Every structure is written in C-alpha cells, then in structure tokens.
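The values are calculated or read from the model by the stated rules, or taken from the named source; none is laboratory data. Note that the structure is predicted; figures quoted are calculated from it, not measured. Because the Cβ atoms are built from the backbone with ideal geometry, glycine has one as well, and the counts that use them run over all protein chains shown.
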Amino acid sequence: MEWRYRDTGVGWAEEIGTYGPLPRAVGVDTRSGAQLVTSADVRGADPGDGRISTPSDVRGPARPSEAVVRPSSALPPLAPDRGHPEPDWSEVVEHFREGLVVCDPDGVVRHLSPVAERLLPEVAQGRPLTAAGVPGLRSGGPGEFAHHGRRLRIRAMPLSGGRSCHYVEDVTESVTRADALLAERARSAFLAVVGEKLGNPLHPDRAAAAVVRLAVPTLAEVAVLVLAPRSGRARWWRASRADDEAAAVDSGVLSATALPPAIAEGLSGVEPHAVDWLVEQAVDAGWLPGLEASEVVARVLPLPGREAPAGALLVARRATRWYDEDDVELVRAFAARAGAALTTAVLYRDQAEVADTLQASLLPVEPITVAGVQWGTAYRPAQASLRIGGDFYGSHRLPDGGSVFFLGDVSGKGVEAAVFTGQLRQCLQALHRVESHPGRLLKLLNDALLETTQAHGQGRFATMVLGVVRPQRDGALTLTMAGGGHLPPLVLRASGEVEAVPLSGMLIGVVPDPRIGEVTVRLEPGETCLLYSDGVTEARGGRRGDEQFGHERLVHAVTGCHRVPAPALAERVEQVTCDWLAHGDHDDIAVLALRATGPGGRPPRHLHAVPAAGGPAEQRETRQ
C-alpha cells in the first residue's frame, strides 16, 4: 500500500492504529483508491444544540486527484472500536481536568462541561456568559481570580465561526503549595540573616539591641527583650517601627520585682499561653506607646540559655495580623537563635571580666615611694593584646626605710609566663618579710620556685636581679644587689660614664643550691642604675631585620643621658628598642631605673608602656 500525504492537521489512521498529529494531507490507498477522513470533513458539524459532535458518515472513494486541502476548524472524529459505537467528544470532555465553557459568536453559552458547572455554578447554558456576574469572566483574557473560596485560572481561546471556548482550572492546591513554599523560603532566609547578624555581637548589650532590631518588622511591630536579672535589676531593650521608618531602639532598667508577671514567667522558662492579658501588661509597662490594648496581639517566649533562660522576648503587632501556628513557630526559632547569641555574649562577658581581673593582678606593680629615690619603669609584653607577659619588676618597703627592688624574666611568654610571674611575685611578697638580705632572699625564692614547679610538673625557671636600696644622709643611695642569671645592670655616673655592674649568678628554679652573685653599688645624687630584661638586648631588627640590638647599642643609647630623669631614661630605652624592632615580633621588654635624687629631690614619677585596654599598642599611660 502506498501513502501520499498533504498537510491536513490531526486525524486517525485506522490502518496504523494510532491517533496523533498527522501532516495536513490526505492519505490515499493507491490500490483501492480509498481516502482517509480529514479534519476538513467535519467542518461546520456543530448541530447547534451546544454539544460537540462528529459526523457519522465518511465520504466514499475518490480519486487521488480529487483530494482537496481544506482548513481544519473542528474537532476530529473518533474512530469506533471494533464492535462498539463511535464515542462522542462530549464523553471525553467530561473527564478533562479543566472545565470547558463554549460560547457562540454572541457570547451565549452553548456547552458547559461538568467540571465547569462545579467551578462556575452561576454560568448557565443558553444564557450570555457575562450574565453570570463572575468578575474573572468579563475581561476575556487569561488570569486568576478567587471564587467561592477557590482559586481559579481561566483562559479564552477562539474557535471557528466566531465561537470561543473558556478553559477554567482549579489551581487552589497548587497556589497554596506555591505560597507555602515561598513562605517557607522567606522564613528560612530570615532565619539565615538572623544567624549571620547575631553571630557578630560579643557583648550582651549589643546582642540584645540586635535581637529586637531584627525582630521588627518581620515578627512584630514592637519587640521587647528583657535579660535575666543581675543583682536584682533587669535590663530591657525595645525596638518599634512607625510606618516605613527604620526601627528605633531604646533601653531601660527595671527592678526584678517590678517586671510584668508574663515576663517573669517567661524568664522562668515557661511560655505564657493566656495571650489576652499579655498586652495589658505590656501597655502598663509603657512598652507599647500609642497602641491600645484592644488593637494589639502579643506573645512572650523564653530565650534558651545554658542553665536558665538568657531572657524573655515580647513580640506585639496589630490584631489584623494574628499570630497563627506558623508565626509562633517562626518566633520560637528566632528566640532559639537569639538565646544562643545572648548566651554566647554573656559567657564572653563573664570570661572577659575574669580575664581583666587576672590581667590586673598580673601586671607589673609600680615601685613604692622611697625617700631620695626616683623610679622609672617601662613595660611592653610580647603579645600586646594580652597586656601581660613573662617580665616583671617591683619593690617592697622595708621597716628601716629601705626598699627591696627586683626585675626578672621567666621562661616563655604569654599567659603561662604571666601566671608564673604572679606566683614568683607572691613568693617575694611573703619572703621579704622573713629575709631582707638580697643573696639569702634569692636562695629562699629559688627553693620556693623549685617546690612549685616540681609539684606541677613544670620545667620553668627565671632570671632575676634582686636588690636592696637604702638612702644615705648625704643623699646618696647604697644598692646591694644579688644576681640570678640575669643581665648585669648599668650605672650612669654623673661624669657621663656608663658602667656595667659585674653581677653574675645562676638561674632561679633549676638547682637546689644555685650560685648567687652579690655586689654593692653606691649612687651619688644625680646618678642612675638601670635594670633591663633580655627583650632589650636580644631584640632583632635593624636593616636586615635579624640583627640583635645588643649590649653595645644599649650602652650607646644611654650614653649622655646621665642628667635625664629616671622615668625618661626608662622610656628612652623602651623606645629605641621598639624603633630597632620596626614593629616586628619581640620578646617581653621590661626596664627599671632608680635615680638618686639627693635631699629634697623631686617625688618619683612612673612611666610604663603597657598598652591601654582596647587601645593601640603604642599608647602609654603616664602617671605622676
């Protein structure tokens, strides 16, 4: 059998047994001359009663030359099954998901499928479509509209002869699912922003302000956060928004006994459920300015903490936006993140307070005032942010009017070294009351350090110069110094000469009976003794960046400074060392200078280069 095709649209090929798009053509059996039915054969087959029908007759055989291409304007026929009558198109249409409303050229409804009857009960067959009074049917174009609690989508398609067909689809479920998906995405995006914003503040006040600012306007028009009370007082933060303006944040303090009952209940870890009286309490507390209790809805949620809630969150907005279950779940998720952020901030604050207290106790103590002695100090730890290190200095007054002074360096640097220096200073503070002779006092200190390091399994040691200064009647000073493996001091004579004190000895805290060197030096009025740590001489810098500052450069730096007051001399040594470093890494630097002022000398003035808390490392504190 031979087939020839022309463009004819959609039709049935019974010999093939399939239904689908065919070329717009006429299929002709060249042996029998039989011609297949085309869409042109059913043109104008509408009986006019509103039903869509198909012709039951098929034209007889025709010669191939008689095949004429005609435009398709109606539904194709359905070929009958073997032994069954030909199905009607109306039977097929009744099972479409979309409803069909077919109108004639005058807009009168001629066909209405069962789905369309259910979705559009106002539409009646034989009446104009516009008479149904359905707003979504008036425009004639595609669109969506709400109708009887459902969401309908309609589209109009023109048919032949000026007729039209309106396809109506119920998209309520798909729109609901899409809206739910968009809402969930919006909630996830909001919580992601909350997690990012609340991950930065490490101070409870800043974290609390960030919490209420983020809650407005997504969760509430007014948000109030009350932190857990401390010392009988509770801090609160409030964010409110008027119209499209940015949220304004303010704060205050309330006594723990003056907190609204709902907030107190939230701080105990319970989420209040009687939401009707929450608003009244918030209004009485003055947290909802310009809002009446009758027009506001509110919720209170505890913010989870480590052992107890970190605070309580009150969210309120106008009653036109009631808190449904999804909103409450979103507020709870927000409260969980806010509680974690506040807990972290409070923990950081507590640790910072402990660290500040310990740092203050580990910082070098300025020497006490002694008649005829002018002190000068400078201190720069290796880690400026810690403000503490392994170098130390100080002094203790003796009953005879003299003073025990010392400068030393423990092994290591940072926090562990600072803790070890604290132990060493405590030992000195106790032992100097028992023994004031420098050599014997240093040996007692050695025994105490050995006992401490062995008990803790540590291998730490220290170097130290420990001395006793006693004023003389002529204004001079007598310095008796003992050396424990430390760098020898320098003496700046009134003549301008710089002398190195021949002081030697063994490390402290290493062996039970170390060899301790001892020497006595006399300072005439105007002369200065300079003690320093190895952070000065071993500072690496210079042109190549790896050259040590060394003893010779130190002597050269202080030569000619014999008339300089002790505080200025200590600061100069620290400054020239830092200039040599050029802001590079360095060890702890400590300098102690004592100058004989003579009778009626100026009172001591202390300079020290410990960086101020929160300030740059270059800041220095000056006290007189």
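Part of a strand (DSSP E or B), out of contact with any His (no Cβ under 8 Å at 6 or more places or on another chain), surrounded by 12 or more Cβ atoms within 10 Å (Cβ to Cβ) and at pLDDT 90 or above - does that describe any residue in segment 120-129? Before the answer, list the steps.
Residues of segment 120-129 part of a strand (DSSP E or B): 128.
Next, only the ones that are out of contact with any His (no Cβ under 8 Å at 6 or more places or on another chain) stay: 128.
With the extra rule that they be surrounded by 12 or more Cβ atoms within 10 Å (Cβ to Cβ), the set shrinks to 128.
This time we only want the ones that are at pLDDT 90 or above, so: 128.
Yes, segment 120-129 has at least one match.
Could you tell me which of the residues VAL222, VAL249, VAL270, VAL226 is β-branched (Val, Ile, Thr), assigned by TED's automatic domain parsing to the domain that holds ALA207, within 22 Å of ARG206 (Cβ to Cβ) and surrounded by fewer than 19 Cβ atoms within 10 Å (Cβ to Cβ)?
Working: VAL222 fails: surrounded by fewer than 19 Cβ atoms within 10 Å (Cβ to Cβ); VAL270 fails: within 22 Å of ARG206 (Cβ to Cβ); VAL226 fails: surrounded by fewer than 19 Cβ atoms within 10 Å (Cβ to Cβ).
Being β-branched (Val, Ile, Thr), assigned by TED's automatic domain parsing to the domain that holds ALA207, within 22 Å of ARG206 (Cβ to Cβ) and surrounded by fewer than 19 Cβ atoms within 10 Å (Cβ to Cβ) holds for just one of VAL222, VAL249, VAL270, VAL226, which is VAL249.
Checking the condition touching a Gly at 6+ places or on another chain (Cβ under 9 Å), in a helix (DSSP H, G or I) and acidic (Asp, Glu), which residue from GLU416, GLU353, GLU366 passes? Step through it out loud before you land on a result.
Working: GLU353 fails: touching a Gly at 6+ places or on another chain (Cβ under 9 Å); GLU366 fails: in a helix (DSSP H, G or I).
Being touching a Gly at 6+ places or on another chain (Cβ under 9 Å), in a helix (DSSP H, G or I) and acidic (Asp, Glu) holds for just one of GLU416, GLU353, GLU366, which is GLU416.
When you go through (1) touching an Asp or Glu at 6+ places or on another chain (Cβ under 7 Å); (2) under 19 Å from PRO364 (Cβ atoms) one by one for THR421, which number turns out not to apply?
If we test THR421 against (1) touching an Asp or Glu at 6+ places or on another chain (Cβ under 7 Å); (2) under 19 Å from PRO364 (Cβ atoms), just (1) comes out false.
Restricting attention to segment 513-526, and to residues there that are part of a loop (DSSP other than H, G, I, E, B) and modelled with pLDDT of 90 or more, which single residue is surrounded by the fewest Cβ atoms within 10 Å (Cβ to Cβ)?
So, considering only residues that are part of a loop (DSSP other than H, G, I, E, B) and modelled with pLDDT of 90 or more, the one surrounded by the fewest Cβ atoms within 10 Å (Cβ to Cβ) is ARG515.
Restricting segment 437-470 to residues that are out of contact with any Gly (no Cβ under 8 Å at 6 or more places or on another chain) and assigned to a loop (DSSP other than H, G, I, E, B), which is modelled with the highest pLDDT?
HIS437
Within segment 474-512, take every residue that is in a loop (DSSP other than H, G, I, E, B) and among the β-branched types (Val, Ile, Thr) and give me the one that is farthest from GLY560 (Cα to Cα).
Looking at the filtered set, the residue picked out is VAL511.
Okay, residues lined up against (1) among the β-branched types (Val, Ile, Thr); (2) buried (at least 20 other Cβ atoms within 10 Å of the Cβ); (3) at pLDDT 95 or above:
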{"site": "GLN472", "(1), (2), (3)": "no, no, no"}
{"site": "THR480", "(1), (2), (3)": "yes, no, yes"}
{"site": "GLY485", "(1), (2), (3)": "no, yes, no"}
{"site": "PRO489", "(1), (2), (3)": "no, yes, yes"}
{"site": "LEU492", "(1), (2), (3)": "no, yes, yes"}
{"site": "LEU507", "(1), (2), (3)": "no, no, no"}
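Taking GLY484 as the residue in question, decide whether it is in contact (Cβ under 8 Å) with a residue 60 or more places away in the chain and on the phi > 0 side of the Ramachandran plot.
It is false that GLY484 is in contact (Cβ under 8 Å) with a residue 60 or more places away in the chain and on the phi > 0 side of the Ramachandran plot.
Exactly one of these conditions fails for SER361: (1) touching a residue at least 60 places away in the same chain (Cβ under 8 Å); (2) assigned to a helix (DSSP H, G or I); (3) touching a strand residue (DSSP E or B) at 6+ places or on another chain (Cβ under 9 Å). Give me its number.
SER361 satisfies all of (1) touching a residue at least 60 places away in the same chain (Cβ under 8 Å); (2) assigned to a helix (DSSP H, G or I); (3) touching a strand residue (DSSP E or B) at 6+ places or on another chain (Cβ under 9 Å) except (3).
Show the residue pairs that are 6+ apart or on different chains and have beta-carbon atoms under 7 Å apart, the first residue being within segment 175-195 and more than 23 Å from ALA210 (Cα to Cα) and exposed (fewer than 12 other Cβ atoms within 10 Å of the Cβ), the second being charged (D, E, K, R) and modelled with pLDDT of 85 or more.
Nothing qualifies.
Let's see how each residue does on (1) within 30 Å of LEU227 (Cβ to Cβ); (2) under 33 Å from the mean Cα position of the chain (by Cα):
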| site | (1), (2) |
| --- | --- |
| VAL354 | yes, yes |
| THR357 | yes, yes |
| VAL365 | no, no |
| ILE368 | no, no |
| TRP375 | no, no |
| GLY389 | no, yes |
